[in-house]
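Here's the structure we're looking at; comments come further down.
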C-alpha cells in the first residue's frame, strides 16, 4: 500500500511558455479575486474543508464514540485518510498520512471494515487500523473495554436473538463456563462470588456461532479471556505483587473506568494497591465514586457525579461496593482490556494515595497527601474539569 500522497504525474504541464505569461498573470489575478470572494461567502466552512485536506491539523485526545470505516482494496494512505476524515475520525488527511509514513507497520493495514473512535489523534488511528480487534464483521458483536456485564448481556442478546435473562442464568456459575480454580481465591480473606462473571467477559469482537446458546456464547468469551491471561502471564505476575489474580483483575476493572490514558493505567492501579494493602491509608479502603456507581447500576439505577451521590449511596451498609468498604473491592466493576490488565500486574511502585483527572485530555495528577490532592483538584478546576 502506497503511504505517501501521489506526486504530480506530469510536472512539466505547470510550466508557462514565455508568450503566455501576461495572459496567464491576468487570469491568475482574477482567480485570486474569485477565491477571496468565495472564502468570504463560504466563510469558515470552506476554510475548514481546506484545512482538513491540506493542513496537518490533529486531534489531541484518544477519541470518543464509535464509527465504522472501510479500507478498500488498493487504498493508498491518502485514500484511507479521506475516508477517516470524512467519518470524523481524524482532523485532517495530512495528519493521518504523516502518521502512516512515520509508522513502518502501517503497510500491514488490512482490507475490511473497522469499528473505531471518532476524533482520534492520527497516530492512534493508524494503530487502531492495525489492531485486528477493531475489525468489524457483520453479524459479529464487539465488547468494548470497560463495559459492565449488564451492557455485555444486552449486546449479546441483541446480536444473538436470545433473551437478556438467558445470559443471566447461564452466568450463574462461572466455573461451568471455563473460569478455573485459580481465579476463585483471594489473599485478603474475602470470598470470590462464583455467580459473578464481571471481569471475565474479555473485550474483543466475537463472531457468534449460529444457533448458539447463551452458555455457548459466554464460554466463547471466557475461553478468550483465559487465552489472553496466558499471554500476559497474569497469574504469575499477580503472585509477584503478593496478591491473587482475582484481586489484580478487580484492580484492572477499576483502573479501566478511572484512567483514560495508557500511561496512567499502572500508576492508578498502584494507588489502589497502596490504599487497600499498605496499611498507611487511614481507612484502608478505596473511597471511589466508580465502585458506588457500579452498585447503583447493578440495582438498575443511573450512575451519578460525585456531588450528586447521597450519603446513604456512598456509605450504606447494604452496599458491598460502598465508599469505605475495607480493602480491595469485593469484585470487578467492569470488563478490562489488555492495557488496564497490564497496568494492574506491572504497576510501578510509588507512595501515592490520590489521583485526579486534571484536563480534558485525561491527564492524571497524583498526590501523597490530601493537601497535594487538593492542590491537584484546584488545577483541574482551573482547567474546567467539573469536580469543584
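Computed values, structure above
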| read-out | value |
| --- | --- |
| Fewest-first ranking of 311, 174, 377, using other Cβ atoms within 10 Å as the exposure measure | 311, 377, 174 |
| Ranked 382, 297, 117, criterion: other C-beta atoms within 10 Å, fewest first | 382, 297, 117 |
| Exposure proxy ranking, count of Cβ atoms within 10 Å, fewest first, for 192, 250, 152 | 192, 152, 250 |
| Anisotropy class of region 251-339 from Cα gyration tensor, a/c 1.5 cut | oblate |
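Laboratory data are not the source of any read-out in this text; all were calculated from the coordinates shown. Values in this document were obtained by computation on a predicted structure and should not be read as measured data. So basically every Cβ, Gly included, is an ideal-geometry build from the backbone, and we count neighbours across all protein chains shown.
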